[in-house]
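Take a look at the structure below.
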Amino acid sequence: MTWGWIALAAAAGLSATPAAAQEVRTLGKLLLTGGVTTVEGSAGGGLATWAVVTGYETREGIGANAHATLVELPDYQFRAHGAAVGLYDRVELSYTRQAFDTRGTGAKLGLGKGFTFRQEVVGAKLRVLGDAIYNQDTWVPQVAVGVQYKNADKAAVIGLLGGQDDDGVDVYVAATKVLLAESLVLNGTLRATKANQTGLLGFGGPGADDYTVQFEGSAGMLLSKRLLVGAEYRSKPNKLGLQEDDWFDVFAAYAVNKNFSVTAAYADLGTVATFKGQRGLYLSLQAGF
């Protein structure tokens with residue numbers, strides 16, 4: 001499948017009190033509390049999946065978005081585009097197509113200039129507990145479980161690198177809490193995965209085809225009802241032995257309105273395929289309802 005859309009995230013105007021939040025309940029979610037779109041297409045931050053369901057729908061409606069993401073690094077370029085649907089603020093279904101362009105670095109790696117790894121990610125998420133926004137009288141977060149099927153397209157190269165498979169499944173559980181009075185958004189996710197560089201370099205490695213549990217965390221502050229700033233961390237496995245580092249970013253997400261938002265970040269991906277210092281600009285656009 002090929003999906004050629006632009007995109008972005010988020011929900012409706014964030015107020016500082018639970019009482020005000022209750023007033024707009026029938027109008028849909030609050031601005032930016034539905035998250036933006038991750039590199040894998042799920043609702044969340046740029047790097048970390050959240051427990052929220054994509055779109056502005058309430059429990060009586062359907063929401064959707066399309067997104068496009070670009071990450072410019074010193075030696076590589078990452079691109080992604082796709083779409084997601086939220087059903088009754090309970091179920092999320094998503095599809096994303098990723099491209100990892102080695103540009104001139106491909107020749108140095110013996111792959112050829114501009115050699116591009118591609119991957120498709122199909123995801124499903126189910127909210128199982130709580131409400132991130134409206135349960136302001138309790139510390140119980142919104143909790144969701146999810147699964148992502150990933151299929152990379154360079155099986156021969158992945159095999160030469162030591163990867164055991166060109167497709168795999170990630171399973172995760174995420175917890176998200178929005179503290180309206182403090183204007184804070186907090187999230188923690190545990191992901192069971194075999195993926196190398198989220199699956200673009202295959203799954204498993206020499207003598208290491210088992211699942212490991214990785215952590216994804218986000219913390220953001222709403223400076224206004226339209227602007228969220230924060231930071232993310234995502235731990236990574238190292239199954240290929242190519243020094244796969246953990247990821248970090250600092251980000252700003254701005255909601256123009258309920259239909260369009262922009263996320264910009266400074267992302268530090270560490271060492272990628274033996275090339276160190278992969279830090280650069282992350283830009284993601286999301287459009288939807």
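The values are calculated or read from the model by the stated rules, or taken from the named source; none is laboratory data. Since the model is a prediction, treat every value here as computed from it, not as a measurement. Cβ atoms come from the backbone with ideal geometry, glycine included; neighbour counts cover every protein chain shown.
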Residues in the stretch 206-222 that are at positive phi and surrounded by 15 or more Cβ atoms within 10 Å (Cβ to Cβ): how many? 0
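When you go through VAL71, VAL53 one by one, which is the residue that is among the hydrophobic types (A, V, I, L, M, F, W, C), outside any strand (DSSP E or B) and touching a residue at least 60 places away in the same chain (Cβ under 8 Å)? Show your work before the answer.
Details: VAL71 fails: outside any strand (DSSP E or B).
Unique residue meeting the criteria: VAL53.
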Need the failing condition index for TRP247 against (1) modelled with pLDDT under 95; (2) under 24 Å from GLN77 (Cβ atoms); (3) aromatic (Phe, Trp, Tyr), just the number. (1)
What single numbered condition from (1) within 15 Å of the chain's Cα centre (by Cα); (2) free of Cβ contacts under 8 Å to residues at least 60 places away in the same chain fails to hold for ALA174? (2)
Can you find a residue in the stretch 202-216 that is within 18 Å of GLU40 (Cα to Cα), touching a Gly at 6+ places or on another chain (Cβ under 7 Å) and outside any strand (DSSP E or B)? yes
Limited to the stretch 108-158, what total is found for residues that are surrounded by fewer than 15 Cβ atoms within 10 Å (Cβ to Cβ), more than 21 Å from the chain's Cα centre (by Cα) and among the hydroxyl-bearing types (Ser, Thr, Tyr)? 1
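Can you find, within the stretch 181-205, the residue that is surrounded by the most Cβ atoms within 10 Å (Cβ to Cβ) among those that are of a type in the set (Gly, Ala, Ser) and free of Cβ contacts under 8 Å to residues at least 40 places away in the same chain?
If we filter the stretch 181-205 for residues that are of a type in the set (Gly, Ala, Ser), which is where we start, we get 181, 183, 188, 192, 195, 199, 202, 204-205.
Remaining after also requiring free of Cβ contacts under 8 Å to residues at least 40 places away in the same chain: 188, 192.
Working: GLY188: 18, ALA192: 15.
Going through the qualifying residues, I end up with GLY188.
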Being hydroxyl-bearing (Ser, Thr, Tyr), part of a loop (DSSP other than H, G, I, E, B) and out of contact with any Asp or Glu (no Cβ under 6 Å at 6 or more places or on another chain) narrows SER224, SER261 down to just SER224
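Residues of the stretch 222-246 being over 24 Å from VAL157 (Cα atoms) and either in contact with a Lys or Arg (Cβ under 7 Å, 6 or more places away or on another chain) or acidic (Asp, Glu) (or both), which ones?
In the first step, residues of the stretch 222-246 are kept if they are over 24 Å from VAL157 (Cα atoms); the result is 222-235.
Selection gives GLU232 alone.
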